[in-house]
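The values are calculated or read from the model by the stated rules, or taken from the named source; none is laboratory data. Note that the structure is a prediction, hence the values are computed from the model and not measured. Every residue, glycine as well, gets a Cβ built from its backbone with ideal geometry; the counts of neighbours run over all protein chains shown. Side chains are part of the model used for accessible areas, which takes the heavy atoms of the whole protein and leaves out ligands, DNA and RNA. Shrake-Rupley method; radii C 1.70, N 1.55, O 1.52, S 1.80 Å.
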Amino acid sequence: MLDVATAMAKIIDESDIDPSPILARKVGIIGFGSQGHAHALNLRDSGVEVRVALHSGSKSVDRAERFGFLVTNAATLAEWADVLVFAVPDVAMKEVFEPLALRTGQTLVFLHGFAIHFGLIVPAENVDVVLVSPAGPGPGLRAEFLAGSGFASLCAVAQDATGSAKEVALAYAKCVGCAKAGVIETTFQEETETDLFGEQAVLCGGLPELIKAGFKTLVEAGYQPEVAYFECLHQVKLITDLIYEGGLTWMRKSISGTAEWGGFTSGPKVIGEQTEAGMKSVLENIRSGEFARQWMAQYEAGSPDLQEMRTDEADLVIEAVGKSLRSRMPFIDEK
Ligand SMILES: NC(=O)c1ccc[n+]([C@@H]2O[C@H](COP(=O)([O-])OP(=O)(O)OC[C@H]3O[C@@H](n4cnc5c(N)ncnc54)[C@H](OP(=O)(O)O)[C@@H]3O)[C@@H](O)[C@H]2O)c1
């Protein structure tokens with residue numbers, strides 16, 4: 001049994017973080033996608049001087065300029081910035097990073113540890129290398145910032161050339177709005193491996209497969225697909241919202257007694273030893289570096305298998321049924 005008291009991570013309160021190390025530095029953000037746009041806007045609203053870099057032909061140049069940012073290329077931004085943020089896809093880090101001429105004492109900020117942990121890029125020893133990883137997607141980070149709330153985040157230092165890498169990382173987290181619920185100190189290894197595992201085993205891998213299997217089971221047993229859709233996909237949000245708000249206990253309290261009893265007794269029949277063995281294998285695939293090697297090879301080949309998987313899933317009955325049902329629910333906004 002895990003001893004929770006001794007296993008608790010070190011969490012730094014927002015009120016204990018001094019924002020001045022980031023307010024005193026010029027921040028360059030490479031990329032203006034999900035994370036990049038939220039970081040740029042939140043930092044600027046916190047009083048930080050921010051510029052943005054995008055690749056030639058980027059679809060986001062107009063958007064960044066409409067928000068009033070000076071948009072340049074990564075090489076020019078790297079000359080100007082004291083702090084350089086890599087808000088580009090993890091698989092593109094190498095091509096973005098390698099041409100840059102960095103100078104002693106600059107801080108490189110990563111939002112996920114993938115490229116550093118798996119050695120896709122190896123920064124010189126004269127720069128600081130830190131991780132500030134918000135616990136959620138960029139649009140949510142921006143919305144929470146505007147609402148006066150915010151996310152928690154994970155922070156780590158891989159290289160401390162200046163002696164102030166941690167202070168800069170924490171100040172960055174505070175000004176970007178992801179220290180509101182505290183900052184958990186971690187390592188690039190822990191953030192990378194747990195983030196990939198959570199995505200693959202639970203959030204983006206396990207859960208969609210569970211939904212598809214539940215839908216298929218009902219439809220193959222002769223039930224109407226629309227009914228199966230509501231029971232196995234649509235209501236997932238309602239249940240996960242309860243879990244998000246108050247954990248498993250709150251979710252169990254909020255559902256009917258029948259659902260609670262049925263969930264407790266039948267859940268382990270669906271998710272059991274075989275699932276745990278699968279999860280251990282997924283974790284080992286990540287820790288060994290095999291997942292990173294396969295994903296980089298896929299990206300470098302133009303992602304043919306990924307495209308095929310996207311098409312196959314989009315063609316599933318569950319997707320057609322969902323599209324039709326959602327057309328009757330215009331209040332659900334597909335952004
Ligand atoms: N999204 C999340 O929920 C989340 C959460 C935590 C951490 N992260 C991390 O945040 C980082 C950025 O992810 P993201 O989700 O913000 O990515 P994203 O939404 O795909 O945005 C990537 C940005 O980089 C640009 N870009 C794409 N390919 C490029 C290339 N080859 N060279 C230069 N620029 C390129 C894109 O240009 P265009 O605008 O032209 O497409 C876009 O502006 C990643 O390390 C990711 O792991 C993401």
Looking at the chain only, what percent of DSSP beta bridges run antiparallel? Nearest 5 please.
25
Leu203 to Arg287: extension gain in nm, 0.36 nm per residue of separation minus the Cα-Cα distance?
28.4 nm
Relative to the chain, whose Cα atoms define the longest principal axis, helix 290-300 and its Cα axis are tilted in degrees, nearest 10, by 80
Can you give me the % of accessible surface on the chain that is carbon or sulfur? Probe 1.4 Å, all protein chains present, nothing else counted.
56
Between Glu226 and Lys59, with labels modelled 7 Å along Cα→Cβ, what's the label distance in nm to one decimal, could you check?
3.3
Given points 7 Å out from each Cα along the Cα-Cβ axis, report the Thr258 to Asp305 separation in nanometres with one decimal.
4.4
Sorting Pro304, Ser60, Gln189 by the position of each Cα along the dipole of the chain (Lys, Arg +1; Asp, Glu -1; all at Cβ), the one nearest the positive end of that ordering is Ser60
With angles folded into 0 to 90 degrees, how steeply does helix 188-197 sit against the dominant principal axis of the chain? Use alpha carbons for both and round to 10.
20
Pick from Pro21, Pro304, Pro89: which is most flexible by mean-square fluctuation in a GNM of the chain where alpha carbon atoms under 10 Å apart are linked?
Pro304
7 Å from Cα along Cα→Cβ at both Asp16 and Gln294: what's the point-to-point distance in nm?
4.0
Could you tell me the relative contact order of segment 198-326? Use alpha-carbon pairs under 8 Å, at least six residues apart, and round to a whole percent.
26
Rounded to the nearest 10 Å², what accessible area does Leu316 have for a 1.4 Å probe in the complete protein model?
60
Please list Val176, Val157 in order of solvent-accessible area, largest first, computed with a 1.4 Å probe with all protein chains present.
Val157, Val176
Ranking by accessible area, most exposed first, for Arg66, Arg293, Arg103 with a 1.4 Å probe:
Arg66, Arg293, Arg103
Expected unfolding gain across Asp315-Ala213 under the 0.36 nm per residue rule, minus the alpha-carbon gap, is 35.2 nm
Spherically averaged projected area in nm², based on the convex hull that wraps the Cα atoms of segment 149-219
6.3
Using Cα springs under 10 Å in a Gaussian network model of the chain, which residue among Thr217, Thr186, Thr107 shows the largest mean-square fluctuation?
Thr217
What is the Cα centroid distance between segment 284-325 and segment 20-59, reported in whole angstrom?
30
Determine the order of Val50, Val317 by accessible area, beginning with the largest, at a probe radius of 1.4 Å.
Val317, Val50
Restricting to Cα pairs below 8 Å that are 6+ residues apart, what does the relative contact order work out to for the chain? Please round to a whole percent.
15
Anisotropy class of segment 4-186 from Cα gyration tensor, a/c 1.5 cut:
oblate
So, R0 is 22 Å and r is the distance between the beta-carbons of Ala75 and Glu95; what FRET efficiency does that work out to, to 0.05?
0.95
Whether segment 198-326 is rounded, prolate or oblate, judged on the alpha carbon gyration tensor where a/c under 1.5 counts as rounded
oblate
Return one quarter of the surface area of the convex hull spanned by the alpha-carbon atoms of the chain, equal to its mean projected area, in nm².
19.9
The extension gain from Leu146 to Ile239, computed as 0.36 nm times the residue separation minus the Cα-Cα distance, is 30.9 nm
Can you give me the solvent accessible area of Leu248 with a 1.4 Å probe, rounded to the nearest 10 Å²?
110
Normalised by the number of residues in segment 4-186, what is the relative contact order in percent for Cα pairs under 8 Å and 6+ residues apart?
26
Using alpha-carbon coordinates, inclination of helix 304-314 to the longest axis of the chain, degrees:
40
FRET efficiency estimate (nearest 0.05) - Cβ-Cβ, Met8 to Ser164, R0 25 angstrom:
0.40
